[in-house]
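A quick write-up on the structure given underneath.
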Number of protein chains: 2
Amino acid sequence: MKIKVIVTLKNGVLDPQGKAIQQTLNGMGFDSVKEVRQGKYFDIEINENNEVKAKSKVEDMCKKLLANLVIEDFKII
Amino acid sequence: MKIKVIVTLKNGVLDPQGKAIQQTLNGMGFDSVKEVRQGKYFDIEINENNEVKAKSKVEDMCKKLLANLVIEDFKII
């Protein structure tokens, strides 16, 4: 089954890439954009039909590889 | 209001970064991982209270800047 994960920077962690996107959007005429924060998205195809087990494995992957828990949060969707 | 966007590579477009993550996960003992595809995630804070209008603006931003529609799809969530 397919599990989707979003990894985002924690609140308070500077995001220069998001800031650059925000400024570019403002410069393109999208004046209403106040803030942009960029994160990562993973589509994981896992050989496991039990959803609970699959999500628990993916949680483990996030903790060990996909997210840096010092500065990032992850959400399994 | 806050609008979230996911940008993913279209099916069939090679994703060497996702492949590297998959191989690393396999090497770490997560043998059940069959495929990983990586995408981008954006959290956009926009000065617009009408959800329909906000999403329509964000769709415009995706088409003009955030996604490369030749090789990427976007989804507003």
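Here are the numbers for this structure:
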read-out	value
Selection within the range B:10-41 - closer than 26 Å to B:ASN68 by Cα and part of a helix (DSSP H, G or I)	B:PRO16, B:GLN17, B:GLY18, B:LYS19, B:ALA20, B:ILE21, B:GLN22
Filter pass, A:ALA54 being in contact with a strand residue (DSSP E or B) (Cβ under 8 Å, 6 or more places away or on another chain), under 25 Å from B:VAL36 (Cα atoms) and at the interface with another protein chain (Cβ under 9 Å from one of its Cβ atoms)	yes
Boolean, B:PHE74 is touching a helix residue (DSSP H, G or I) at 6+ places or on another chain (Cβ under 9 Å), within 16 Å of A:GLN38 (Cα to Cα) and of a type in the set (Phe, Trp, Tyr)	yes
Flag if A:VAL7 is more than 7 Å from every other protein chain (Cβ to nearest Cβ), modelled with pLDDT of 95 or more, surrounded by 16 or more Cβ atoms within 10 Å (Cβ to Cβ) and touching a Gly at 6+ places or on another chain (Cβ under 8 Å)	yes
Residues (surrounded by 14 or more Cβ atoms within 10 Å (Cβ to Cβ), outside any strand (DSSP E or B) and of a type in the set (Val, Ile, Thr)) located in the range A:42-77	A:VAL58
Unique residue being more than 29 Å from A:VAL58 (Cα to Cα) and of a type in the set (A, V, I, L, M) when the list is B:VAL58, B:VAL13	B:VAL58
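The values are calculated or read from the model by the stated rules, or taken from the named source; none is laboratory data. Remember, predicted model here, so these are calculated numbers, not experimental data. With ideal geometry, Cβ positions are generated from the backbone for all residues, glycine too; neighbour counts draw on all protein chains shown.
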